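Notes follow the structure.
The values are calculated or read from the model by the stated rules, or taken from the named source; none is laboratory data. From a predicted model like this one, the values you see are computed outputs, not experimental measurements. For neighbour counting, all protein chains shown are included, and Cβ atoms are generated from backbone atoms with ideal geometry for every residue, glycine included. For accessibility, only protein heavy atoms count, side chains too; no ligands or nucleic acids. Shrake-Rupley method; radii C 1.70, N 1.55, O 1.52, S 1.80 Å.
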Amino acid sequence: MLLAVLSGFLLAIAAPWLCPLFKDRVGWFMALLPASLFLYFASMLPEVAAHGPQVVEYSWFPALGITLNFLIDGLSLMFALLISGIGTFILIYAGGYLKGHPDLARFYVLILSFMASMMGLVLSENLITLFVFWELTSITSYLLIGFNHEDPAARRSALQGLFVTVAGGLALLAGLIMLGTVAGTYSLSEILNSGEALQDHGLFTAILLCILAGCFTKSAQVPLHFWLPNAMAAPTPVSAYLHSATMVKAGVYLLARLNPAFGEAELWTLMLCLFGGLTMFTGAFMALTHTGLKKMLAYSTIMALGTLVMLIGIGTPTAMIAFACFLFGHSLYKGALFMVAGILDHETGTKDVAAMGGLRGLMPYTAIFAAIAALSLAGLPPLFGFVAKELMLEAVLEAPLLQNLLLVLAVGAGVCVMVVAAVIAIKPFYGPLKPTPKDPHEAPPSMLAGPVVLATLSLLFGLLLFIPESLLIEPVVAAVYGEPVAVSLSLWHGINLPLMLSGLVLLLGIGVFLFWSRIQPQIAILREFLGRFGPEAGYFKIMEGLTKGATWQTSVLQNGKMGNYMIVLVLTTFMLTGYTLMERQGLRLWLDLGGSQVHEWMVAVLLVMAGGVASLTSSRLGAVASMGVLGFSVALVFILFSAPDLGITQVLVETLTVILLVLVLFRLPGFVRLSSTYERVRDAVVALFAGAVVTLLVLAVIEIQYFESISAFHIENSVTLGYGRNIVNVILVDFRALDTLGEIFVLALAAIGVYSMIKFRPEAKEKS
Amino acid sequence: MKSNTLILQTAAIYITPLQLLFSVFLLLRGHDEPGGGFIAGLMASSAFVLYMFSYGVTATRNLFKIVPVDMLALGLILGMISGLPAMFLGQPFLQAQWWDIPLLGDATLKLSTPLIFDIGVYLAVIGTTLMIVVALMESETDHPSGNGD
């Protein structure tokens, strides 16, 4: 199981070497992995359908309660099958689509890593593990959208997608941590059983909103949907895989996953129904306003995501069955349609449907399978999409909240989608042949394999409903609903309200389609308006504000003046320390000086004098020398109070510091007075303040003992456990060796920093 | 920067090796008596710095069998490696391991992963210090006038 999840990462590492080895056949070879994963997960289906969820356990961070457990139930298995199944065709397809691309290896590294991350996401049983994989999908998605990294638009879109999803991801992290704290466990299967306790908790609303923020951004819900169409800057295999079939469904997955625990809450139902419904309609409508094939498909994906969210929100058994069917159906036809869009783009050189026509004769297979997939998208019998859509309408009719609104939105979305499906299936393939930038011909088998198989499955499962029924849909419904539900799917339900609504949608859809090319100009105006005032404009405003804020903050905090940095650091540190001291301990000004000896007094006086000279002298060398005196006096203090190790260290460090300072001193310009009297007084005040706080702190420390000192442990165990009599050293190299290891790495970093500051300066570059 | 004092140069010839020897002594006895990798590293660095002051940076560079940056890297690697034996034995990373190797007569040689770790610290400290000092000294020779920028 662990291997099944991580094998994608392993193959990703090997991809750069495999690509030159297999040349043009590399896609077929890579596809062997997801194909075998598909078979592996498919072999689990009967077991899960019969015996319910299973947990496979691996320990990861036992101390933090983070496990690498995998939960295998209907929902995760359905997703795993989609990821591996569609992944197989995407990898084959990409081999054809990106044939000869110089960065093909990088593409496979990224997409395989993505696949593994997605697999981990849907199979994780632990919230933290789930989140780790969740973020991994965001990062791989970012890199894949920006795959054509020389194109500034692609980079911008990639960054936009990353910002939106990662901002949501942060909210999600907060939500998951609160959820884990409230539930007392990060284990999903335990959380799902403690739904009522969760809903009674005071933090429940906060948890819910945070998690929804994460899911809504990931699954492109209104008003944060705009990143998804922009993500179409990615190569088509990526769009088909990440931004249609898998990643964008991660949010939907998490919502479905948590539904048994959250579903009872009214806020949950309201939010999901409202945002899902609005997204469904917005997506469908926006799809209508575009002529770019990929954009149309992207918006119709938003429609599907909205529908899925809404169905989870409705929460009745029918809605859950509709959810499972819609999820499955959508992945099949949308994967196929995206690949068709990629074929058309690849073969004709344009993405605009209005610029294509009459390709049926040249690309007969593409035309047929595009039509089948589009029929499923439109929701016409006898395809699987029809079953899903009928169930969706039926579910909407029994929605507990906002029923009328949802019904209107659903019918409206249905009409738009019908038109979009018709445009995709008819415009490029029928009518007179239009000239295109490239000479079109039928796609190679590697690119046709995906659309053919997926579209055929849409048809096959529509006709043979009993295959998915008990094997796939029933376990999914059980997982999402929280308890088993009997599922029986059929194409013909008799003449009922959903069927009549479908008929209405069909008629309206045909009507709008006939006028499609005529209403385009009006729609273009509307689109411009939305571009100026829509949510995306808000995103740009926020980003602009962020840049401005950062500029302002940098000019204040990091203005390049050393003195300024020091003041900020010193003031922050000592004000906080001083405040804590006052708050917790109060002042203590009295110090028992009895028993002090003459030589101790001498050292103390020496210290004070050296400090005074260092800060008052006008000679640099004098300042360095008196700093040295200060340091050696401190070393003397250590030795007087029997800490020889510290004493020796201090002496050595002091020696080297003085040497370093002297070396640096030669590099500085002459000693001139650059600061005003005001600045000098200010600096003196800050310095005195810091000194005062430290003095008070030291006075207070004498009598504070918050925790039991661990010295006793060290003294006791140094010889027995550490085999050493020098406790300081035993602590350094044995008891707290990990700290020391960290410290020597810090040393190394500091050395590299200093080295590069000295060595790599502009003038040094000119010389070489 | 290079001093032309005969006294310092003559002294450095004798003191530098002694200091280095002493640093190894500090390193090895560190587990039981005052000393240890950190102190020994500083001691060794100051030995080289003394030599550098007497004979200049080029002469000191010629003295190194390993350049400071490699010493630093070696130190980090040793530090990491010393944690591995414990992992192979199924214990937490960096858990100390001890081996007593009998020598001639009654003497035994106490070898341990903390010792390897300490040597790593020793090398890392020397590497860091020398890297910085050498860089500073060399930039010194680059700009004899000492004008800043």
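Residue by residue, here is whether (1) buried (at least 24 other Cβ atoms within 10 Å of the Cβ); (2) closer than 22 Å to A:Ile90 by Cβ; (3) over 35 Å from the mean Cα position of the chain (by Cα); (4) at pLDDT below 85 holds:
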| position | (1), (2), (3), (4) |
| --- | --- |
| A:Pro382 | no, no, yes, yes |
| A:Leu401 | no, no, no, yes |
| A:Leu405 | no, no, no, no |
| A:Cys416 | yes, no, no, no |
| A:Ile426 | no, no, yes, no |
| A:Gly431 | no, no, yes, yes |
| A:Ala455 | yes, yes, no, no |
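Suppose the filter is polar (S, T, N, Q), within 30 Å of A:Ala354 (Cα to Cα) and assigned by TED's automatic domain parsing to the domain that holds A:Gly414; does A:Thr289 pass it?
yes
Give, as residue ranges, the strands (runs of 3 or more DSSP E) completely inside the range A:10-109 that count at least 2 residues that are of a type in the set (S, T, N, Q) and crowded, with 24+ Cβ neighbours inside 10 Å.
none
Being in a helix (DSSP H, G or I) and in contact with a Gly (Cβ under 7 Å, 6 or more places away or on another chain): is that true of A:Phe133 here?
Answer is yes for this residue.
Looking at the range A:753-768, which of the residues that are facing chain B (nearest Cβ under 8 Å) and open to solvent by 50 Å² or more (accessible area, probe 1.4 Å) is modelled with the lowest pLDDT?
A:Glu763
So which of B:Leu130, B:Leu123, B:Leu72 ends up being within 28 Å of B:Met52 (Cα to Cα), at pLDDT 90 or above, open to solvent by 20 Å² or more (accessible area, probe 1.4 Å) and within 11 Å of chain A (Cβ to nearest Cβ)?
So the residue among B:Leu130, B:Leu123, B:Leu72 that is within 28 Å of B:Met52 (Cα to Cα), at pLDDT 90 or above, open to solvent by 20 Å² or more (accessible area, probe 1.4 Å) and within 11 Å of chain A (Cβ to nearest Cβ) is B:Leu123.
Here is a list: B:Leu89, B:Leu103, B:Leu63. Which entry is in contact with a strand residue (DSSP E or B) (Cβ under 8 Å, 6 or more places away or on another chain), modelled with pLDDT under 90 and more than 11 Å from chain A (Cβ to nearest Cβ)?
Checking each option against the conditions leaves just B:Leu103.
Answer yes if at least one residue in the range B:78-86 is open to solvent by less than 10 Å² (accessible area, probe 1.4 Å) and in contact (Cβ under 8 Å) with a residue 60 or more places away in the chain, and no otherwise.
Checking the range B:78-86: not a single residue is open to solvent by less than 10 Å² (accessible area, probe 1.4 Å) and in contact (Cβ under 8 Å) with a residue 60 or more places away in the chain.
How many of the residues making up the range B:7-26 are surrounded by 12 or more Cβ atoms within 10 Å (Cβ to Cβ) and of a type in the set (Ser, Thr, Tyr)?
So the answer is 2.
Among the numbered conditions (1) at pLDDT 80 or above; (2) open to solvent by less than 70 Å² (accessible area, probe 1.4 Å); (3) aliphatic (A, V, I, L, M), tell me where A:Val664 comes up short.
A:Val664 satisfies every listed condition except (1).
Do we find a residue being on the phi > 0 side of the Ramachandran plot, away from chain B (no Cβ under 14 Å), among the small types (Gly, Ala, Ser) and not in a helix (DSSP H, G or I) anywhere in the range A:616-637?
no
Can A:Ser300 be described as closer than 18 Å to A:Phe513 by Cβ and of a type in the set (Ser, Thr, Tyr)?
yes
Please work out which one of (1) assigned to a helix (DSSP H, G or I); (2) within 14 Å of chain B (Cβ to nearest Cβ); (3) of a type outside the set (Phe, Trp, Tyr) is the condition A:Val685 fails and give its number.
(2)
Could you tell me which residue of the range B:106-120 is farthest from the other protein chains (Cβ to nearest Cβ), considering only residues that are in contact with a Phe, Trp or Tyr (Cβ under 9 Å, 6 or more places away or on another chain) and modelled with pLDDT under 80?
Among those residues, the one meeting the criterion is B:Leu109.
Out of all the residues in the range B:3-11, is one or more under 25 Å from A:Gln650 (Cβ atoms) and more than 11 Å from chain A (Cβ to nearest Cβ)?
So far as the range B:3-11 goes, yes, one or more of its residues are under 25 Å from A:Gln650 (Cβ atoms) and more than 11 Å from chain A (Cβ to nearest Cβ).
Looking at A:Pro451 and the list (1) open to solvent by less than 30 Å² (accessible area, probe 1.4 Å); (2) assigned to a loop (DSSP other than H, G, I, E, B), which single condition is not satisfied?
(2)
In contact with a helix residue (DSSP H, G or I) (Cβ under 7 Å, 6 or more places away or on another chain), over 17 Å from A:Phe513 (Cβ atoms), without any contact (Cβ under 8 Å) to a residue 60 or more places away in the chain and part of a helix (DSSP H, G or I): is that true of A:Ile467 in this structure?
yes
Scan the range B:29-60 residue by residue and report those that are away from every other protein chain (no Cβ under 11 Å) and surrounded by fewer than 19 Cβ atoms within 10 Å (Cβ to Cβ).
Once the filter is applied, which keeps residues that are away from every other protein chain (no Cβ under 11 Å) and surrounded by fewer than 19 Cβ atoms within 10 Å (Cβ to Cβ), the range B:29-60 yields B:Gly56, B:Thr58, B:Ala59.
Which pairs turn up if I take residues in the range A:714-730 that are touching a residue at least 60 places away in the same chain (Cβ under 8 Å) and at the interface with chain B (Cβ under 8 Å from one of its Cβ atoms) and look for partners that are open to solvent by less than 20 Å² (accessible area, probe 1.4 Å) and of a type in the set (Phe, Trp, Tyr) with beta carbon separation below 6 Å, at least 6 apart in sequence or on another chain?
Every condition considered, no pair remains.
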